[in-house]
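First up is the structure itself, then whatever we jot down about it.
The values are calculated or read from the model by the stated rules, or taken from the named source; none is laboratory data. From a predicted model like this one, the values you see are computed outputs, not experimental measurements. Cβ atoms come from the backbone with ideal geometry, glycine included; neighbour counts cover every protein chain shown.
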Amino acid sequence: MLKIGIIGCGFIGRQICRAIDSGAFNAELYALFDSSQSKALELAASLKRCSPAYMRIEELLQSVDLVIESASQNAVRLIVPQALEAGCDVMVLSVGALADEELREKLFRLAEQNNCKLYFPSGAIVGIDGINSASASEISSVTLTTRKPPLNLAGAPHIEALGIELEKIEKETLLFEGPASEAVKAFPANVNVAATISLAGIGFDRTKVKVIADPSLSRNVHEITVEGKFGKFFTRVENVPSPENPKTSYLAALSAISTLKKILNPVQIGT
Ligand SMILES: NC(=O)C1=CN([C@@H]2O[C@H](COP(=O)(O)OP(=O)(O)OC[C@H]3O[C@@H](n4cnc5c(N)ncnc54)[C@H](OP(=O)(O)O)[C@@H]3O)[C@@H](O)[C@H]2O)C=CC1
Ligand SMILES: O=C([O-])CC(=O)C(=O)O
C-alpha cells in the first residue's frame, strides 16, 4: 500500500489527511511534518482511522513512497530535492517556487535520475486540461487575472514593499501586472496558480498575470484566457476561500485530493 508523508499541516494538509482518513483511498497516511510539531500532533490526534507519526524530515523521506508538500515555497526549496534524492514521488502545492529556473531544472533532473514522479495539481484554477491539450500544438498567449477580497492578499511581499493599505481599498484596484515569474514572487501565497499555468503552457516569462483587489468580492476569482492554434478559451472560477486560511481556496485542497485519486486509480479521465 502506498505510504504517504505530508509536509505542512495547514488547511490543504488537513483536508488531504481527512480525505485519506475517510477510507476512500487505498493508501496509508504514514507520517506528518510541520514547522509546528504541535499542529501536526493535533491533526494526527483528530483522525479516526489513521495514526500517522510525526517524524523528522530525514526519517520521513526514508519511510514513505509519496511526499505531499502543502507547506510553502521555502519548503519546496529545502525539502523537495531531498525527497527526490531519497527516491520519493512528490506532489507539490507551493508551485510558485518553480519560477526559479535553477531549482526547476534541478527538480526535473532529480526526478528523472531517480525515476520519481513530480505531480503539480491544478490547484485553485480550472483549465489546466485545456492548456495541456493546447500545448501539444502552438500557444500564442496565456493570461491569468486573479481577483481577491483585499484582505486575502495581506502579507504578500508586493503589498508590504509598496505599503499598500488593503483595508482602505474601496473599489476594484489593479495591484500588479507582469509576467508569472514576477507574480509568484510578489504574491507567493496567492498566485501559485500562475506557476502551474506557466509549467503547463508557455513558461514563466510569457504567461501574463494581473492581480486585482476587489472589496465587492467574497470569493477568490481566477480567469484564464488562452489563445493558440487550437483557437481560444476562457475559464473563470469563483472559489470559496478556506475559513482557516482565506488566501487559499477550497478547490485547491480538492484538487490535491483528486490528484491523489488519479495517482492511485488505474482509470484516468481527462488530459
Ligand atoms: N497550487 C495552488 O493552486 C495553490 C497552492 N497553495 C499553496 O499551498 C501551500 C499550502 O497552503 P495552505 O494549506 O493553505 O497553507 P497554510 O498556511 O494553511 O499551511 C501551511 C503549513 O505549512 C507549514 N510550513 C510552512 N513552511 C514550512 C516548512 N518549510 N516546513 C514545514 N512546515 C512548513 C506552516 O507553518 P507556519 O504557519 O508556521 O508557517 C503551516 O502550518 C501554500 O504554499 C499555498 O500558498 C495554496 C492555494 C492554491
Ligand atoms: O487558492 C487560491 O485561490 C490561489 C492561491 O492561493 C494560489 O494559487 O497560491
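One residue is enough: does the stretch 78-96 have a residue meeting the conditions under 23 Å from G10 (Cα atoms), in a helix (DSSP H, G or I) and within 16 Å of ligand 2 (Cβ to nearest atom)? Within the stretch 78-96, one or more residues are under 23 Å from G10 (Cα atoms), in a helix (DSSP H, G or I) and within 16 Å of ligand 2 (Cβ to nearest atom). Within the stretch 161-206, the set of residues being more than 16 Å from ligand 2 (Cβ to nearest atom), part of a helix (DSSP H, G or I) and within 20 Å of S140 (Cα to Cα) comprises G203, D205, R206.
The rows are residues; the columns are (1) modelled with pLDDT of 95 or more; (2) within 10 Å of ligand 1 (Cβ to nearest atom); (3) among the hydroxyl-bearing types (S, T, Y).
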position: A75; (1), (2), (3): yes, yes, no
position: I79; (1), (2), (3): yes, yes, no
position: S94; (1), (2), (3): yes, yes, yes
position: D100; (1), (2), (3): yes, no, no
position: E105; (1), (2), (3): yes, no, no
position: A111; (1), (2), (3): yes, no, no
position: L118; (1), (2), (3): yes, no, no
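Name the single residue, out of those in the stretch 120-160 being part of a strand (DSSP E or B) and within 16 Å of ligand 2 (Cβ to nearest atom), that is farthest from D205 (Cα to Cα).
Here the residue is K148.
The residue pairs whose first member lies in the stretch 27-46 and is touching a residue at least 40 places away in the same chain (Cβ under 8 Å), whose second member is part of a loop (DSSP other than H, G, I, E, B), and whose beta carbons are closer than 7 Å, counting only pairs six or more residues apart or on different chains, are A27/M1. Under 6 Å between Cβ atoms, at least 6 apart or on separate chains: pull out the pairs that start in the stretch 142-157 with a residue that is closer than 17 Å to T235 by Cβ and end on any residue that is small (G, A, S) and at pLDDT 95 or above. Pairs found: V142/G201; L144/A194. Among the residues making up the stretch 1-43, those that are surrounded by 21 or more Cβ atoms within 10 Å (Cβ to Cβ), part of a strand (DSSP E or B), more than 8 Å from ligand 1 (Cβ to nearest atom) and not β-branched (V, I, T) are G5, L29, Y30, A31, L32. Looking only at residues of the stretch 172-191 that are in contact with a strand residue (DSSP E or B) (Cβ under 9 Å, 6 or more places away or on another chain) and within 12 Å of ligand 1 (Cβ to nearest atom), we find that the one that is nearest to P241 (Cα to Cα) is N190.
Considering only residues that are surrounded by 21 or more Cβ atoms within 10 Å (Cβ to Cβ) and of a type outside the set (S, T, Y), look in the stretch 203-219 and name the one that is farthest from ligand 1 (Cβ to nearest atom). Filtering the stretch 203-219 for residues that are surrounded by 21 or more Cβ atoms within 10 Å (Cβ to Cβ) and of a type outside the set (S, T, Y), the one farthest from ligand 1 (Cβ to nearest atom) comes out as A213. Among the residues of the stretch 220-244, write down those that are in contact (Cβ under 8 Å) with a residue 60 or more places away in the chain and either within 15 Å of ligand 1 (Cβ to nearest atom) or not assigned by TED's automatic domain parsing to the domain that holds S137 (or both). Within the stretch 220-244, N220, V221, H222, E223, I224, T235, V237, N239, P241, S242, E244 qualify.
Against the test of being of a type in the set (D, E) and surrounded by 15 or more Cβ atoms within 10 Å (Cβ to Cβ), the options E177, E227, E238, E170 yield a single qualifying residue, E227. When the residues of the stretch 207-226 are filtered to those that are touching a helix residue (DSSP H, G or I) at 6+ places or on another chain (Cβ under 9 Å) and farther than 12 Å from N152 by Cβ, the one that is nearest to ligand 2 (Cβ to nearest atom) is H222.
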